[in-house]
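We did not get these values from a lab; they are worked out from the coordinates using the rules stated. What you are looking at is a predicted structure, and each value in this text was computed from that prediction instead of being measured. All Cβ positions, glycine included, derive from the backbone under ideal geometry; neighbour counts span all protein chains shown.
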Amino acid sequence: MIPKNTICLWYDGTAEDAAHFYAATFPDSAVQRVYRAPSDYPSGKQGDVLTVDFTVAGIACMGLNGGPAFRHNEAFSFQIATDDQEETDRLWNAIVANGGQESECGWCKDRWGVSWQITPRVLTEAMADPDPAVARRAFAAMMTMRKIDIAAIEAARRG
């Protein structure tokens, strides 16, 4: 079945590699189908991967091997909610250790340049706390971090 809405991510010939990495890394993720060129075309040959249908954490995506014209940037990111430090560490480390790059406040980039926010639920809850002092302390703690440290966020919440 073709989804009604699909996120299209542009790659420079590496859509299939990226899709398999995401499927192996994130729960509720899979590669559904690889579409290959039925004949030669101006920038490729018959059999080259054109697009890949996959899901990331239940979100329908298509990887398009569109070439080097466009690059990913922070204007688009996947935000993955995590339940504990083990899950946070596993996902963060998988992205960064596979040629990715750390950033600030729970953000990182994978080796293809796609941005990820690995966000523990406890941080989101703390930022939404009805007590503005709690939210400020959690925000201040987060601003000092790269990968989110749940124990530090919980300590900030408590004051």
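Observations
- Answer residue from the stretch 62-93, given it is surrounded by fewer than 17 Cβ atoms within 10 Å (Cβ to Cβ) and among the small types (Gly, Ala, Ser) and is nearest to Tyr22 (Cα to Cα) among those: Ser77
- Residue in the stretch 64-72 that is touching a helix residue (DSSP H, G or I) at 6+ places or on another chain (Cβ under 9 Å), assigned to a strand (DSSP E or B) and within 23 Å of Ile2 (Cα to Cα) present: yes
- The residue that is surrounded by the most Cβ atoms within 10 Å (Cβ to Cβ), counting only those in the stretch 127-156 that are out of contact with any Gly (no Cβ under 9 Å at 6 or more places or on another chain), touching a residue at least 24 places away in the same chain (Cβ under 8 Å) and outside any helix (DSSP H, G or I), is Asp149.
- Boolean, Asp83 is charged (D, E, K, R) and under 21 Å from Asp28 (Cβ atoms): yes
- Screening Val49 with (1) touching a helix residue (DSSP H, G or I) at 6+ places or on another chain (Cβ under 8 Å); (2) within 16 Å of Asp12 (Cβ to Cβ); (3) exposed (fewer than 14 other Cβ atoms within 10 Å of the Cβ) gives one miss only, at (3).
- Flag for Ala23 being small (Gly, Ala, Ser), outside any strand (DSSP E or B) and touching a strand residue (DSSP E or B) at 6+ places or on another chain (Cβ under 9 Å): yes
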